[in-house]
Amino acid sequence: MSNLPHHDQAKWISQSVYEPLLSEKNMTEVSLEHVPLPSNLKRNSLTLPSLSEPEIARHYTRLSQMTYGVDSGPYLLGSCTMKYNPKFTEDVAVLPGCSIHPDREPHTIQGTLEILHTLQEHLATIGGMDAVTLQPPAGASGEFTGILIIRAFHESRGDFSRNEIIIPESAHGTNPASATLGGYNTVEIPSNGEGRVNIDALQAALSENTAALMLTNPNTLGLFESEIELIASMVHDMGGLLYYDGANLNALLGRSRPRDMGFDIMHYNVHKTFATPHGGGGPGAGPVGVISKLETFLPAPIVIKTTSGFDLFTPENSIGKVHGFYGNWLCLIKALAYILRLGDSGLLDASAKAVLNANYLGSKIQYEIPFRPFYHEFVASSGEQDAAEVAKRLLDYGVHPPTTKWPLIVSQALLVEPTESENKTTLDQIAASFNKISNEDQSTLKSAPNSTTVGKIDQATAARSPILSWHSLDPSL
Ligand SMILES: *Cc1c(COP(=O)(O)O)cnc(C)c1O
């Protein structure tokens, strides 16, 4: 990416792309008549705390320092692609024209629709797909949308007997969850000795009941499924479809397209591959791309180009709506700003560095990495050490831990994805932290973390009975 300071990058996108569309092509909002609030909703007095500006500044700065984010240090959470999100996308997303009411008539928001249409087109190009819906608000929701499209496709051909989705054992948990929610039985297939799809097991699992195979490529071990063309023809010969879980697209961006590998339908995790901070479970967007024979099943609405401009369109056999209005608009415009700013060469550079960084880091750490050659992420094994304890100890070194104990193929798995954002100095520091920890004794690991705001927590209780308000800490307040 160029070295423009971020405000210049934002200015470039706003002046050349967003402002002409949002302030010139979007019509001024019609002002509503003043509608008085019902009196039962009004209150007569309100007591607000009286605090000075320094007190407030210090309070929020202190709170921000109690947590860890990609703005505080590297974030190795493999498969989640926690890359640094350049700030210019935030500046672009707060342009006044970005906050339109979602229920406006299409002719009054031509600029907004043009932005959405442009993103649909770019995503289609990146995946090699023929049509894209921007509606699903997450990767998992894109998967579920895809499953409904797959079902609608088979049923439109009078084929009601297909009730199985095949999923490799290394798949993300959302894959079987989406298939199950969509009414399918999942058939799990084991990996071969090299960590890839076991062709014999796939052959045995395929049948007239197969609706689709869901696959991510590179897979969760970071390995490219080199037999993907054979896999695709096996599934297609049996009348099934091929679903691409796009969460690992960061490794292939601009280099290879899921369509060319034989995939019929895919989702894009735009928050992972492009730019939206998504710690803590959101927000995100999971647009779905399809090849032409699946186009008429897409959820409504999609944005189309007409002779007079842009319009919303309901495809003929649409599965219906999967989200209100146009999807997660703010994530979508950040994704487009990122794509436009990087351009072809920048996107190629992003995938090159994502793969280079993972391989450089992998070459420096002492933990064993059983499966190679990997792309943008790798799975190391902490061997005799407990991977979860290694993860907690990394926090003491100022590094966000990798994903641990998944995929299950590697015991004590550390799934590491440095992303393209980190430089050599940081990668060297990360490697040094891993290597120090690999030589530490069990009692040091057990007591970690020692330098964080909150020490070792009971993870089950923290997840099941979280204390979410200061009220619960002191009931007298
Ligand atoms: C993140 C991820 C998903 C789910 O995507 P969300 O946007 O988090 O819902 C699916 N598959 C893989 C491999 C992932 O890494």
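FYI, it's all coordinate maths here, none of it is from the lab. Everything quoted here is computed from the prediction, not taken from an experiment. Cβ: placed from backbone, ideal geometry, glycine included. Neighbour counts: every protein chain shown.
The Cα center of segment 385-441 and the Cα center of segment 147-187 differ in position by 35 Å. Think of segment 318-391 as having a plus end and a minus end, set by charges on the Cβ of Lys, Arg, Asp and Glu; of LEU342, ALA388, VAL355, LEU342 sits farthest toward the positive end of this dipole. Going from the residue with the fewest nearby Cβ atoms within 10 Å to the one with the most, VAL132, VAL270, VAL454 rank VAL454, VAL132, VAL270. When each full DSSP H helix of the chain is screened for a Cα extent of at least 20 Å along its own axis and an average Kyte-Doolittle hydropathy of at least -1.0, the helices passing are 110-127, 139-156, 329-364, 424-438. Here the peptides 68-77, 37-46, 206-215 are ranked by packing, the mean other Cβ count within 10 Å, and the order with the highest first is 206-215, 68-77, 37-46. Look at the dipole of segment 391-454 built from charges on Cβ: of LEU427, GLN412, HIS400, the Cα furthest out on the positive end belongs to GLN412. Fewest-first ordering of MET129, MET82 by other beta carbons within 10 Å of each residue's beta carbon gives MET82, MET129.
Placing +1 on the Cβ of every Lys and Arg and -1 on the Cβ of every Asp and Glu, with no other charges, gives the chain a dipole of roughly 900 debye about its Cα centre.
Suppose we look only past 19 Å in the calculated P(r) of segment 54-171. What percent of the Cα-Cα pairs does that tail hold? Cα-Cα pairs of segment 54-171 separated by over 19 Å account for 73 percent.
I'd like to know which of VAL92, GLY146, PRO258 lies farthest towards the positive end of the charge dipole of the chain, counting +1 on Cβ of Lys and Arg and -1 on Cβ of Asp and Glu. Result: VAL92, furthest along the dipole toward the positive end. About its Cα centre, the dipole of segment 1-116 is roughly 460 debye, where the only charges are +1 on Lys and Arg Cβ and -1 on Asp and Glu Cβ. What the pair-distance distribution of the chain shows, using all Cα-Cα distances binned every 10 Å from zero, is 4, 18, 26, 25, 18, 8, 2, 0 percent.
Relative contact order of segment 11-110, taken over Cα pairs closer than 8 Å and 6 or more residues apart, is 62 percent. The trypsin sites (Lys or Arg not before Pro) of segment 112-216 that meet both conditions, a loop assignment by DSSP and at most 10 other Cβ atoms within 10 Å of the site Cβ, are ARG157.
Pairs of Cα atoms nearer than 8 Å and 6+ residues apart set the relative contact order; for the chain it is 19 percent. The chymotrypsin sites (Phe, Trp or Tyr not before Pro) found in segment 298-374 that occupy coil by DSSP, while having at most 14 further C-beta atoms within 10 Å, are PHE325. Charges were assigned to the Cβ only: +1 to each Lys and Arg, -1 to each Asp and Glu. The resulting dipole of segment 32-75 about its Cα centre is roughly 200 debye.
Here the alpha carbons of segment 393-477 define both size measures, Rg and Dmax, at 16.6, 52 Å. Converting phi to 3J(HN,Hα) with the Karplus coefficients 6.51, -1.76 and 1.60 and the offset θ = phi - 60°, segment 254-265 yields x, 10, 8, 10, x, 4, 5, 7, x, 6, 9, 7 Hz in sequence order, with x at every glycine or proline.
Listing ILE199, ILE291 from fewest to most neighbouring C-beta atoms within 10 Å gives ILE199, ILE291.
Under a 5 Å amide H cut-off, with hydrogens placed 1.01 Å from N, THR216 pairs with ASP245 among residues at least 5 apart or on other chains.
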